[in-house]
1. Taking Glu35 as the residue in question, decide whether it is modelled with pLDDT of 95 or more, open to solvent by 60 Å² or more (accessible area, probe 1.4 Å) and out of contact with any Ser or Thr (no Cβ under 9 Å at 6 or more places or on another chain).
2. Yes or no: the stretch 53-66 includes at least one residue that is at pLDDT below 85 and open to solvent by less than 60 Å² (accessible area, probe 1.4 Å).
3. Determine the pairs where a residue that is in contact (Cβ under 8 Å) with a residue 12 or more places away in the chain, located within the stretch 9-29, has a partner that is part of a helix (DSSP H, G or I) with Cβ atoms under 8 Å apart, the partner being 6 or more residues away or on another chain.
Amino acid sequence: MTPVTGEAAMAVNAKKVAVFVVVGFALYLIITDPERSTEYVGIGFEGVSDAAKAIGDFMTWVADGGK
């Protein structure tokens, strides 16, 4: 396997940093405001659920021939 170099390596590193920042921010919110942490988790699950529904709707549209 060849190592990733150049722009591809920068993109991978930027993605890792972005994920780290988002996870760190989520943990910060949950730790500093435990009373509302269930609300934050609910918002996260709602977002994932909405995204999965949108993907399902798109796949149904594609399976129907894009009509």
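The values are calculated or read from the model by the stated rules, or taken from the named source; none is laboratory data. Quick caveat: nothing in here was measured; it's all calculated off a predicted structure. Cβ: placed from backbone, ideal geometry, glycine included. Neighbour counts: every protein chain shown. When the accessible area is computed, the model is the full protein with side chains, heavy atoms only, and any ligands, DNA or RNA have been set aside. Shrake-Rupley method; radii C 1.70, N 1.55, O 1.52, S 1.80 Å.
1. Values: modelled with pLDDT of 95 or more: no; open to solvent by 60 Å² or more (accessible area, probe 1.4 Å): yes; out of contact with any Ser or Thr (no Cβ under 9 Å at 6 or more places or on another chain): yes.
For Glu35, the condition - modelled with pLDDT of 95 or more, open to solvent by 60 Å² or more (accessible area, probe 1.4 Å) and out of contact with any Ser or Thr (no Cβ under 9 Å at 6 or more places or on another chain) - is not met.
2. Just the residues of the stretch 53-66 that are at pLDDT below 85, to begin with: 66.
Then keep just the ones that are open to solvent by less than 60 Å² (accessible area, probe 1.4 Å); that gives 66.
Scanning the stretch 53-66, I find at least one residue that is at pLDDT below 85 and open to solvent by less than 60 Å² (accessible area, probe 1.4 Å), so the answer is yes.
3. What qualifies is Ala26/Tyr40; Ala26/Gly44.
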